[in-house]
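Let me begin by presenting the structure, written as structure tokens, before commenting on it.
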Amino acid sequence: MKLNKNLLVSLLLLTVVAALYRIVPRPVNFAPQIAMALFAGAVIKDKVWAFAVPILSMLISDLLYQVLYMNGVTDIPGFYEGQWQNYILFAGMTTIGFFIKKIKVLNVLVASITAPTVFFIFSNFVVWAGWQGTRGLNRPKTFEGLLLCYNDALPFYLNSVYACMFFSALFFGTYVLLRKRKEQRDSLKAFQIS
């Protein structure tokens with residue numbers, strides 16, 4: 001996939017729309033960023049852009065959250081301790097997208113379940129193992145404490161899986177449909193020329 005002007009504009013528009021979606025009222029953790037990371041990893045051949053698209057979307061929405069927080073509109077801060085770890089984890093979600101070699105329903109479905117599951121496991125481990133204070137609900141640094149931390153996060157996990165499946169179907173489905181439409185137009189043009 002070559003980054004031409006139309007593609008670049010489309011990616012930037014997708015990034016901004018996903019960032020705006022993340023700050024509107026919606027079910028908790030029902031956001032497009034993990035699906036966007038999978039899509040970017042699978043479709044964008046330029047690795048810099050593949051990592052940049054979901055990270056940029058997160059950064060924009062975090063900036064918007066911070067502005068809303070500073071103005072008393074929300075009690076969710078845009079920036080918080082350990083946030084850099086989430087950015088690293090989102091980069092990891094992009095690498096999962098690299099493993100989608102062929103865009104098929106089963107491949108996208110497996111990745112759409114795998115990515116939020118990996119994110120859940122690692123992000124909650126980091127929360128549990130991190131600083132005391134506001135992170136990890138002060139769960140003890142024992143195996144039981146880790147399990148308590150995972151249990152605390154379970155209500156958020158399913159929405160992440162559902163969101164990833166929904167937005168992956170939307171992103172990959174739209175991509176496949178547009179690609180087929182372009183192939184049909186190109187074959188019609190070739191037919192008309194001959």
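Sort Asp186, Asp62 by accessible area with a 1.4 Å probe, largest first. Present the calculation step by step, with values, prior to reporting the outcome.
Numbers: Asp186 70, Asp62 5 Å².
The residues order as Asp186, Asp62, largest area first.
Let me know the volume per residue of the alpha-carbon convex hull for the range 1-93, in Å³.
92
Assuming R0 = 35 Å, can you tell me the calculated FRET efficiency for the pair Ala129 and Arg26, based on Cβ-Cβ distance, to the nearest 0.05?
That gives a FRET efficiency of 0.75.
Using the C-alpha gyration tensor of the range 1-160, what are the square roots of 5 times its eigenvalues, in whole angstrom, with the largest one first? Please list the in-between numbers first.
Working: eigenvalues 156, 85, 33 Å².
Largest first, the range 1-160 gives 28, 21, 13 Å.
Students sometimes get this wrong: rank Leu38, Leu89, Leu63 by accessible area, probe 1.4 Å, all chains present, largest first.
Highest to lowest solvent-accessible surface, that is Leu63, Leu89, Leu38.
Over the Cα atoms of the range 46-102, how large are the radius of gyration and the largest Cα-Cα distance (Dmax), in Å?
When restricted to Cα atoms, the range 46-102 yields Rg and Dmax of 13.9, 46 Å.
Throw me the Rg/Rh for the range 107-183, computed over C-alpha atoms with Kirkwood Rh, two decimals.
My calculation puts Rg/Rh at 1.21.
Per-residue ellipticity at 222 nm for the chain, helices alone: DSSP H runs ≥ 4 residues times -39500 (n - 2.57), over residue total, nearest 500 deg cm²/dmol?
-26500 deg cm²/dmol
So what is the relative contact order for the chain, in percent, with contacts set as C-alpha pairs under 8 Å and at least six apart?
Values: 216 pairs, mean separation 47.4, N = 194.
The value is 24 percent.
Suppose all protein chains stay in the model; what accessible area per residue would a 1.4 Å probe give for the chain, in Å²?
60
Principal axes first, then extents: for the Cα atoms of the range 78-119, list largest minus smallest coordinate on each axis, whole Å, largest first.
38, 15, 15
Roll a 1.4 angstrom probe over the protein heavy atoms and tell me the percent of accessible area of the range 39-194 that is carbon or sulfur.
The nonpolar share, carbon plus sulfur, comes to 71 percent.
Want the number for Tyr80 to Leu148: 0.36 nm per residue separation, take away the alpha-carbon distance, what's left?
Net length gain for the segment: 22.3 nm.
Run the 1.4 Å probe and let me know the accessible area of Glu144, rounded to the nearest 10 Å².
120
Under 19 Å between C-alpha atoms is the cut-off here; go through the range 1-136 and count lysine pairs that meet it, provided they're at least eight residues apart or on different chains.
The number of close lysine pairs in the range 1-136 is 11.
Along Cα→Cβ, 7 Å out, is where each label goes; now give me the distance between the ones at Leu178 and Phe98 in nm to one decimal.
Each label point lies 7 Å from its Cα, and together they span 2.4 nm.
Contour minus end-to-end for Ile113 and Leu8, with contour as 0.36 nm per residue of separation and end-to-end as the Cα-Cα distance? Write out the running numbers ahead of the final one.
Working: separation 105, 0.36 × 105 = 37.80 nm, distance 2.79 nm.
Result for the pair: 35.0 nm of gain on full extension.
The values are calculated or read from the model by the stated rules, or taken from the named source; none is laboratory data. All values reported here derive from a predicted model rather than from experimental measurement. All Cβ positions, even for glycine, are placed from backbone atoms using ideal geometry, and neighbour counts span all protein chains on display. Heads up: the accessible areas ignore ligands, DNA and RNA and are worked out on the full protein's heavy atoms, side chains in. Shrake-Rupley method; radii C 1.70, N 1.55, O 1.52, S 1.80 Å.
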